[in-house]
Each structure stands twice: as structure tokens, then as C-alpha cells.
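Below is one structure, written out as C-alpha cells; the observations come after it.
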Amino acid sequence: SQQGEEDPQALSIQEGENATMNCSYKTSINNLQWYRQNSGRGLVHLILIRSNEREKHSGRLRVTLDTSKKSSSLLITASRAADTASYFCATAGYNDMRFGAGTRLTVKP
Amino acid sequence: GEEVAQTPKHLVRGEGQKAKLYCAPIKGHSYVFWYQQVLKNEFKFLISFQNENVFDETGMPKERFSAKCLPNSPCSLEIQATKLEDSAVYFCASIPSGTGVQPQHFGDGTRLSIL
């Protein structure tokens, strides 16, 4: 089954800076989704990009998808301390969805 | 309800004991998914249900793990004869309908500690 792999595993930045996280996968997908996990909580859906889309924006989030390279990136602009969390990409096939190991983002005030 | 409700929040069992976890999906959601997260790492898919029917069980360990979703009852995940390696946070998620590729709504998980 396909599974996203995030890179880097951990990222530490200052408030106000941009944060970029990458996700690679191995098989064809229906869509790719990004989720956030705050400590002690479940995943919260952030954004979904379909396989025929190349870029999508939602507030301070920008997601790109390159199906030829089987990769995606999540950019968080003007980061805030409240963005501190783990971020997971999930690759959705026809009937299933699989998650990667996540990127742990720390935003220092 | 409006949220996926998982109970209990924490569960402690001695090795070899049985553990049973519960999940109430959002009202009206017909698909339920179970995941295992070990040490805050990746979410390992275990099993999914479409109403009370198993939809995909490719991630379920062959032994000791079982799950059910019965009408008018919370879904459950049961682990028989628990092992230390079963220590993890178990998450449940639900979606309204369709395939498993829609955004999923997650509960806050049950932390299972095997001593």
C-alpha cells in the first residue's frame, strides 16, 4: 500500500519564518492530504489536493503536488507559536488512505 | 454527536490481559477507521468498517486483534492476551460516506499502556 514519507523528521524555526515540509510516496494516488496533530490529540485535516491539481492555498498554507516526482510539499507562511505540532501527509488511493511518520514542527516565540 | 468520541482516554493492562477500546463515530457517518500510533510516529492502519461490515482489514494483526461495529452501539477494538508491543495510542476516525479517500475526522485516541 502507498505510504507518504515526510521530510524532515523535525523542524525548528523562529516565529514569523516560513516552514516547508515535504512528502514523498511510491504509487499512484487519488489525492493527497495534510493533517496536523497537536500533542495528545487526534489528527485534524488541513488541506486536500487532488492528483490533477498542482497547487492549492488555504490561508497561510500552500500545498504543491508533483505527480511525476511523486512528491508534495506543505508551506506554512509567517509561522506562529501555535503552529507547533506534528504534520502528516496521507496518500489516498481508490479506497484507502495511508499516513506517513510525520514532521515535528517547533515554532519558537 | 458532532465529534468522534473515544473511550477510555487511558487504559492500563498487565501483559496477557484483554483490552477493549470504544469509538463512537460522528452521527450519520457510515465509515469508521482504526489506526495505531506508536511513539508519536506514523499512523498504522488497522481496519475499516462500512456500517457494521468490515471494509478493509489488511492492517489487522492476524492474531489477538478483533473489531466490531454493531448497529446502535459504539464500535470496538479488542486485543486479547496483550503484549508490551501493543502499547500505543489507538485512534478512530470516521467519514460520512463514499470511499476512504475523503478527509477523515479523528477522535483524540485511547492511550493503551501494557505493563
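With respect to (1) within 14 Å of chain B (Cβ to nearest Cβ); (2) open to solvent by 30 Å² or more (accessible area, probe 1.4 Å); (3) of a type outside the set (D, E, K, R), the lone exception for A:Leu48 is condition (2). Residues in segment A:80-107 that are over 18 Å from A:Gln9 (Cβ atoms) and away from every other protein chain (no Cβ under 14 Å): A:Arg80, A:Ala81, A:Ala82. When segment B:1-42 is filtered for residues that are farther than 20 Å from B:Asp56 by Cα, among the hydroxyl-bearing types (Ser, Thr, Tyr) and either open to solvent by less than 20 Å² (accessible area, probe 1.4 Å) or at pLDDT below 95 (or both), nothing remains. A:Ser68 satisfies every condition listed in (1) in contact with a Gly (Cβ under 6 Å, 6 or more places away or on another chain); (2) of a type outside the set (Phe, Trp, Tyr); (3) more than 28 Å from B:Leu112 (Cα to Cα); (4) open to solvent by 70 Å² or more (accessible area, probe 1.4 Å) except (1).
Can you confirm whether segment A:96-107 contains a residue that is charged (D, E, K, R), touching a residue at least 60 places away in the same chain (Cβ under 8 Å), buried (at least 16 other Cβ atoms within 10 Å of the Cβ) and within 22 Å of B:Asp56 (Cβ to Cβ)? Scanning segment A:96-107 turns up at least one residue that is charged (D, E, K, R), touching a residue at least 60 places away in the same chain (Cβ under 8 Å), buried (at least 16 other Cβ atoms within 10 Å of the Cβ) and within 22 Å of B:Asp56 (Cβ to Cβ). Being out of contact with any helix residue (DSSP H, G or I) (no Cβ under 6 Å at 6 or more places or on another chain), open to solvent by less than 30 Å² (accessible area, probe 1.4 Å) and in contact (Cβ under 8 Å) with a residue 40 or more places away in the chain is a condition met by no residue of segment B:65-73.
Would you confirm, using the coordinates I've provided, whether A:Arg36 is part of a strand (DSSP E or B), within 14 Å of another protein chain (Cβ to nearest Cβ) and within 10 Å of the chain's Cα centre (by Cα)? The answer is yes for A:Arg36. Residue pairs whose Cβ atoms lie under 7 Å apart, separated by 6 or more positions or on different chains, with the first residue in segment B:3-21 and farther than 15 Å from B:Cys92 by Cα and outside any loop (DSSP other than H, G, I, E, B) and the second among the aliphatic types (A, V, I, L, M) and open to solvent by 40 Å² or more (accessible area, probe 1.4 Å), are B:Val12/B:Leu115.
The values are calculated or read from the model by the stated rules, or taken from the named source; none is laboratory data. No experiment lies behind these values; they were computed from the predicted model shown. Reconstructed Cβ throughout: ideal geometry from the backbone, glycine too, with neighbour counts over all protein chains shown. The area values use the complete protein model at the heavy-atom level, side chains included, leaving out ligands, DNA and RNA. Shrake-Rupley method; radii C 1.70, N 1.55, O 1.52, S 1.80 Å.
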